[in-house]
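Just so you know, all these numbers are worked out from the coordinates, no wet-lab data involved. Just so it is clear, the structure is predicted and the values come from calculations on it, not from any experiment. Don't worry about glycine lacking a Cβ; one is built from the backbone with ideal geometry, like all the others, and counts go over all protein chains shown.
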Amino acid sequence: MNSTLKNSLAVIAGLVIGSIINMGTIMISSAVIPPPNGADITTMEGLKATMHLFEPMHFLFPFLAHAIGTLVGAIIACKFAASKKKSMALIVGVVFLIGGAINVYLLPSPIWFNAVDLIGAYIPMALIGWKLTGGKSKYQN
């Protein structure tokens, strides 16, 4: 199989599986940390209207969902890519980062969460995923 095609399919697989992990984590979050009383977390409008009720603990699972989804997606992309594994992991990280930036734009989350999420959940997790699959920097001995 052509390496460009294989790399493209690896990134697509990473994005799909990472998205499934992300959504699964979000779906179980309310069972672990119940939403604030009166908060409607089933729709974007409900989230927007009740975001002011959320405490810091309510942001743990969204961060974990973004970080773990990106990590798993990057690992999948690296495992199945034919070449340029670090680039494939970073592509997954950048796509999820774009999604995170869209979320920041759409939801009135606290600035501290937006910063932690955008800085810590995407590109670092993609690089960790690459490292976990055996990625080596050219500066290592």
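What FRET efficiency would be calculated for the residue pair residue 57, residue 106, taking the C-beta separation as r and a Förster radius of 22 Å, to the nearest 0.05? Efficiency, from the Cβ-Cβ distance: 0.50.
One entry in (i) 52, 32, 26; (ii) 78, 28, 26; (iii) 45, 29, 26 is Cα extents along the principal axes in Å calculated from the shown coordinates; its label is (i). In order along the stretch 48-57, the Karplus-derived 3J(HN,Hα) couplings, from 6.51 cos²θ - 1.76 cosθ + 1.60 at θ = phi - 60°, round to 4, 6, 10, 4, 5, 7, 6, 9, x, 4 Hz, and Gly and Pro are given as x.
Across the chain, Cα pairs under 8 Å and at least six residues apart give a relative contact order of 32 percent.
Taking every C-alpha pair closer than 8 Å and separated by at least 6 residues, the mean separation divided by the residue count of the stretch 54-117 gives a relative contact order of 31 percent.
Each other residue within a Cβ distance under 15 Å of residue 93 adds +1 if Lys or Arg and -1 if Asp or Glu, for a net charge of +3.
For the stretch 3-132, lysine pairs with C-alpha atoms less than 23 angstrom apart, excluding pairs fewer than eight positions apart on the same chain, total 9. Sorted fewest first by neighbouring Cβ atoms within 10 angstrom, 92, 72 come out as 72, 92. Considering only 100, 134, 41, the residue lying farthest towards the positive end of the dipole of the stretch 33-141 is 134, judged by Cα position with unit charges set on Cβ. The charge dipole of the chain, taken about the Cα centre with unit charges on the Cβ atoms of Lys, Arg (+1) and Asp, Glu (-1), comes to about 960 debye, rounded to the nearest 20.
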